[in-house]
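Below is one structure, written out as structure tokens, with a few remarks after it.
The values are calculated or read from the model by the stated rules, or taken from the named source; none is laboratory data. None of the values given here were measured: they were computed from a predicted structure. Virtual Cβ from ideal backbone geometry, glycine too; neighbours counted across all protein chains shown.
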Amino acid sequence: MAGLYLHIPFCRQACHYCDFHFSTSLAKIGPMVQAMKSEIEQRAPEWEGERFETLYFGGGTPSLIAPELLVELIDTAKSFLQFESELEVTLECNPEDIDEASLKAWRSMGINRLSIGVQAFEDHALSLMNRVHNATRAKHVLQLATTFFERISVDLIYGIPGRSDAQLMNDLATILDLGITHVSAYALTVEPQTALERFIAKGIIDPIDEEQAARQFNLIMDSLEDAGFVHYELSNYALPGHESRNNSAYWMRKPYLGIGPGAHSFRENERRWNVSNNPSYIRALKDGTSFFETETLSKRDHYNEYVMTALRTHWGVSLDYLTTAFGRAFKDYFTMISTPFILDNLLFEDEGVILATRKGKFLIDGIASELFMLELQSPKEEN
Ligand code: SF4
């Protein structure tokens, strides 16, 4: 089983914290969709025999393109790739693009899951991040969306400078009152060369407070778990049965085909990524020239990626899987190097599976990187 990711690289305006690949020059949407259709057709033969169980429109802001163009992409994918009948089709969308007409159009083209970029239900926080929508609109369209879609995920950002815990709790209460079944919660991070980095450097926005972020991470975890949500990945919570199949497949290291500029693909030992430049991507697809790079993953790379992704999930790192997939030497290495973290109560073992403790969760990316195997440490059997 595999996943299909379609990257729509356009946004109405740049959020201050964002370092994703997107452009605000919307005039190129039509040529971009044509180029993406060509890429699907061009790459379909390599994926012959693979069955796709998820289709995910990510971005950027996929909801800003006309429904007819989304239909063209879905139809092209379905005519060149093989899909399961129970297909999860997710659209990332922003509140400013949601109304009754768009919801009806998305529903009728087979989209059955929305991931809505709300981030906060309060105007000051939204304008600090340079989001297009306001809080009133976010609440209104979320309510409307629940009348068309059963499966809705809301994105939230915590650790926003100056935002109190009480304000964050109000956001969570709004989400729960609306009957939302999936939440993705991310700490605000300062990426290099973003407006947020410049504003903090100039003193226009307060720096990120790590203690506030850690406290709010715990608040979200407690509130959502009390409401019956499963914390199935570090940033993701779902009511049972409402987990994202697309994201779960990614964490389980299933293959995925990424279409569009900046999109990544992964299959067996190969990772491939497309050029992160809209004009270059469109030109290359038109001229038949190269538009991607690839790397071959070693066993050590696979091990490192498995440890990084699995430790973030509630499935954890399976010692049996380490032995089967990588060999005894990798499992022994992991056991040895993870022991100090178990003694520090940051990790724990449960029937042969290593998981993050509550204390370890917020620190898990740093912990996982300590468990990586470096080139010099690779056992001889690699590759
Ligand atoms: S809408 Fe999303 S992709 Fe676009 S700038 Fe904002 S955070 Fe980035």
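Details
- Number of the condition not met by Gln13 [criteria: (1) within 16 Å of the ligand (Cβ to nearest atom); (2) within 22 Å of Asp287 (Cα to Cα)]: (2)
- Criterion applied to Val89, Val71 was being in contact (Cβ under 8 Å) with a residue 12 or more places away in the chain, within 21 Å of His242 (Cα to Cα) and aliphatic (A, V, I, L, M), and the one residue passing it is Val89.
- Subset of segment 29-65 (residues that are closer than 23 Å to Asn130 by Cα and either in a loop (DSSP other than H, G, I, E, B) or not aromatic (Phe, Trp, Tyr) (or both)): Ile29, Gly58, Gly59, Gly60, Thr61, Pro62, Ser63, Leu64, Ile65
- Whichever residue in segment 16-33 is of a type in the set (Gly, Ala, Ser) and within 16 Å of the ligand (Cβ to nearest atom) and, among such residues, is surrounded by the fewest Cβ atoms within 10 Å (Cβ to Cβ): Ser25
- Hits in segment 112-157 (condition: within 16 Å of the chain's Cα centre (by Cα) and more than 15 Å from the ligand (Cβ to nearest atom)): Arg113, Ile152
- Counted residues, segment 116-141 - those being out of contact with any Lys or Arg (no Cβ under 8 Å at 6 or more places or on another chain) and surrounded by fewer than 23 Cβ atoms within 10 Å (Cβ to Cβ): 13
- Being within 16 Å of the ligand (Cβ to nearest atom), within 21 Å of Ser276 (Cβ to Cβ) and among the aliphatic types (A, V, I, L, M) is a property that Met36 lacks.
- Residue in segment 269-279 that is part of a helix (DSSP H, G or I), surrounded by fewer than 18 Cβ atoms within 10 Å (Cβ to Cβ) and at pLDDT 95 or above present: yes
- Only one of Glu96, Glu68 that is within 13 Å of the ligand (Cβ to nearest atom) and out of contact with any strand residue (DSSP E or B) (no Cβ under 8 Å at 6 or more places or on another chain): Glu96
- Within segment 285-332, the set of residues being over 30 Å from Lys28 (Cα atoms) and touching a residue at least 60 places away in the same chain (Cβ under 8 Å) comprises Ser298, Lys299, Arg300, Tyr303, Asn304, Val307, Met308, Leu311, Arg312, Thr313, His314, Trp315.
- Among the residues making up segment 12-33, those that are out of contact with any strand residue (DSSP E or B) (no Cβ under 8 Å at 6 or more places or on another chain) and free of Cβ contacts under 8 Å to residues at least 40 places away in the same chain are Ala27, Gly30.
- Condition check for Leu6: in a strand (DSSP E or B), more than 16 Å from the ligand (Cβ to nearest atom) and at pLDDT 95 or above: no
- Complete set of residues in segment 312-347 that are within 26 Å of the chain's Cα centre (by Cα) and not aliphatic (A, V, I, L, M): Arg312, Thr313, His314, Trp315, Gly316, Ser318, Tyr321
- Residues that are closer than 19 Å to Tyr321 by Cβ and of a type in the set (Val, Ile, Thr) were ranked within segment 331-360; the one that is surrounded by the most Cβ atoms within 10 Å (Cβ to Cβ) is Ile354.
- Hey, Lys78 part of a helix (DSSP H, G or I) and touching a Ser or Thr at 6+ places or on another chain (Cβ under 7 Å) or not: no
- Among the residues listed as Glu86, Glu48, Glu41, the single one being closer than 16 Å to Tyr281 by Cβ and either away from the ligand (no atom under 16 Å from the Cβ) or surrounded by fewer than 20 Cβ atoms within 10 Å (Cβ to Cβ) (or both): Glu41
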